[in-house]
Every structure is written in C-alpha cells, then in structure tokens.
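Below is one structure; the comments refer to it alone.
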Amino acid sequence: MNIAILGLGRMGMQIAIRLKNAGFNVVGWNRGEDPRKEFESVGGKTVTNIKDLPAALGDGQKLYWVMLPNTVLEEFLFNEEGISSVLQSGDIIVDGGNSFYRETQRRSAEFAKRGVIMYDSGTSGGVHGLERGFAIMVGGPKENWPQIEPIFKALSSGDNYGLVGSSGAGHFVKMVHNGIEYGMMEAIAEGYGILHASEFDLDLNKVSTIYQTGSVISSWLIDLMKNIYTNPEVIDSTNGFVDATGEGEWTVQEAKRLGVDARVIEDSLVVRSESKDPANQEKYSNKLLALLRQQFGGHKVEKK
C-alpha cells in the first residue's frame, strides 16, 4: 500500500512517521516547507506539489490520508488545485481530521460518484500517538476494510482501532469521544479547584500520585494532572482561556436532536465559552483545563 499524508502538522507528522517506521511506502505533503524538512530529517519522502504525488507513490493501490482542519477541508477535497487533481477511480481517501459526520457522509457520496473510496478516521492520542499508538475509530465501506486494516493496526497500540460503522460513523464516534473528554476534564479540573481552595495545605502532587493507581478515577487525564503538579508554579502564570474546536458543540447538538440528556457535556461547553471573558480567566479550574489540553494535544496556552 502506497500512502500519501497530506498535512504534516502535530498529528499528521506522527501518523506519517509511525507508518514509515512500520514499513509502508509513505510520501508526505505540506504547504509549508519546515514540516516537509522535518519529515525528511527522519528519512521520509516528500513532494512540494500535490500533482507529483502519484508518481512519487509509484505503482499499485494509492491511499491519500488528509490531515487538515475542517475549515479548509471542503475546498481542498473538491477544488481542482487540491487532492481532486490527482485522484483516480479506485483510489482510497481517508479524512483523518475532526469533520462533522453529516459533512463526511455527503463528501463520501460525492467521491463514490467518481469511483473513489472514502473512509473517515477519528483519531485520538494527541501528541503522544507516535510513541503510544493512536485510538482510531473508522467509518466506511466493509468491502475494502480488509485491504486497509493493516494501516490502522500499525497506527494503533494493539486492539484499540476498528471499523465502527458506515460512512460518517468514525467521525461520529470521535465527536462523542471529544464531548466525553470535555466533561471528564471539567470534572477533574473542578475537583482539583476544590482541593486547592480547601482549608488544608494539600500537596496536590502527592494527591495526584494517590489518585493515579488503584483509584476509581485513575486515568491518563489524572496522569497528566500529576505532570502539571510536578511544576505547579506554571499554573499561576497560565491564562485560563480554554478553547473549543467544535466537537463538543456538535455532540451537544446531536444529543438534543436525539432527545438524549447531555447536561454535563453541555455545562463543560458553557465553561469554555465563558472562559473568553477575562473575568473568568483567573479561575483555577480553567487554568488546569488549559494546561491539560496542552499536555495531551500540544494546544497553545496563553500566558498572563
């Protein structure tokens, strides 16, 4: 399988390197030069022009994995200056970003008219995926799954991947994953806010160590809190603005459409919206949320 990774950002770079290390023929493309140089520095192949991808990939089945923000994805997929300029009938395209699943279904149907097979891959693991492996939720046709499954297995950390349903299902499951993540992070940050405000002079680094193993709330997020409390002075210098990239809002909207109670996720989304107000950026829990996002996703943290 010949694989092109289009978009060598935080996630795309890790995916490209992990697949290259697993023995796949991988060619990277990125608009900016620095990410291409970074991939080349670890032995990767790149092209500067999308139209050069088919020749660089060589003969055989071609898979184009797109790791671009949803805000630019539509134009990139269907504009003749984008990926459409090289796609041939029988090619496979994977949308590995966080797209709204209804848009994914529409795009998949458009590509099907051209004989192009589309899969949607909800990919979780943040900046640690290269080392730890990713959790991958895939939507698309069953017929071609055996052909491409080895790619997703190589990206995973073992069994934490799979075809979860038809077109759009991968992005739907990842959307709900991110909504759950919002609620879990908010609960943890609020809990630590209470601990911090208590009458006790608590060593929250030690508390985190206790929470980490054997407790009901032990999790990777608690591990990341432990990391924060090994250098707690960073909390004071952090601005408590917490960005939201859209998946939490989509989850709440879908919950309302389905008649499902999702008040915890919705409240966590409200907190993030309210963090735009400077008056809320001194909230201890908001600072922890911002630092947690930086820990697992490499998201930018604003300093005071």
Practice problem: Looking only at the stretch 220-243, decide whether some residue is under 18 Å from ASN98 (Cβ atoms), of a type outside the set (D, E, K, R) and under 24 Å from the mean Cα position of the chain (by Cα). | Solution: yes
Practice problem: Taking PHE296 as meeting all but one of (1) open to solvent by 40 Å² or more (accessible area, probe 1.4 Å); (2) in a helix (DSSP H, G or I); (3) not basic (Lys, Arg), write down the number of the exception. | Solution: (1)
Quiz item: Out of the stretch 282-293, which residues are of a type outside the set (A, V, I, L, M), in contact with a Ser or Thr (Cβ under 8 Å, 6 or more places away or on another chain) and open to solvent by less than 30 Å² (accessible area, probe 1.4 Å)?
Solution: ASN286, LYS287
Quiz item: Does the stretch 69-82 contain at least one residue that is in contact (Cβ under 8 Å) with a residue 24 or more places away in the chain, touching a Ser or Thr at 6+ places or on another chain (Cβ under 6 Å) and not hydrophobic (A, V, I, L, M, F, W, C)?
Solution: yes
Quiz prompt | The listed residue being β-branched (Val, Ile, Thr) and assigned to a loop (DSSP other than H, G, I, E, B), out of VAL264, VAL270, VAL252, VAL301 | solution = VAL301
Exercise. Look through the stretch 37-75, keep the residues that are small (Gly, Ala, Ser) and open to solvent by less than 70 Å² (accessible area, probe 1.4 Å), and return whichever of them is nearest to ILE148 (Cα to Cα).
Key: GLY60
Quiz prompt | Some residue of the stretch 200-222 being within 20 Å of SER275 (Cβ to Cβ) and open to solvent by 60 Å² or more (accessible area, probe 1.4 Å) | solution = no
Exercise. Could you look through the stretch 223-273, keep only residues that are among the polar types (S, T, N, Q) and surrounded by fewer than 19 Cβ atoms within 10 Å (Cβ to Cβ), and pick out the one that is farthest from GLU302 (Cα to Cα)?
Key: GLN253
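Okay, residues lined up against (1) surrounded by 16 or more Cβ atoms within 10 Å (Cβ to Cβ); (2) on the phi > 0 side of the Ramachandran plot:
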position: MET118; (1), (2): yes, no
position: SER121; (1), (2): yes, no
position: GLY126; (1), (2): yes, yes
position: PRO141; (1), (2): no, no
position: PRO150; (1), (2): no, no
position: LEU155; (1), (2): yes, no
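Table: residues versus (1) among the polar types (S, T, N, Q); (2) surrounded by 23 or more Cβ atoms within 10 Å (Cβ to Cβ).
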| residue | (1), (2) |
| --- | --- |
| ASN2 | yes, no |
| GLY7 | no, yes |
| ILE15 | no, yes |
| PRO35 | no, no |
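The values are calculated or read from the model by the stated rules, or taken from the named source; none is laboratory data. None of the values given here were measured: they were computed from a predicted structure. Note: ideal-geometry Cβ built from the backbone for every residue, glycine included; neighbour counts use all protein chains shown. Quick note on the areas: whole protein, heavy atoms, side chains included, nothing else; ligands and nucleic acids left out. Shrake-Rupley method; radii C 1.70, N 1.55, O 1.52, S 1.80 Å.
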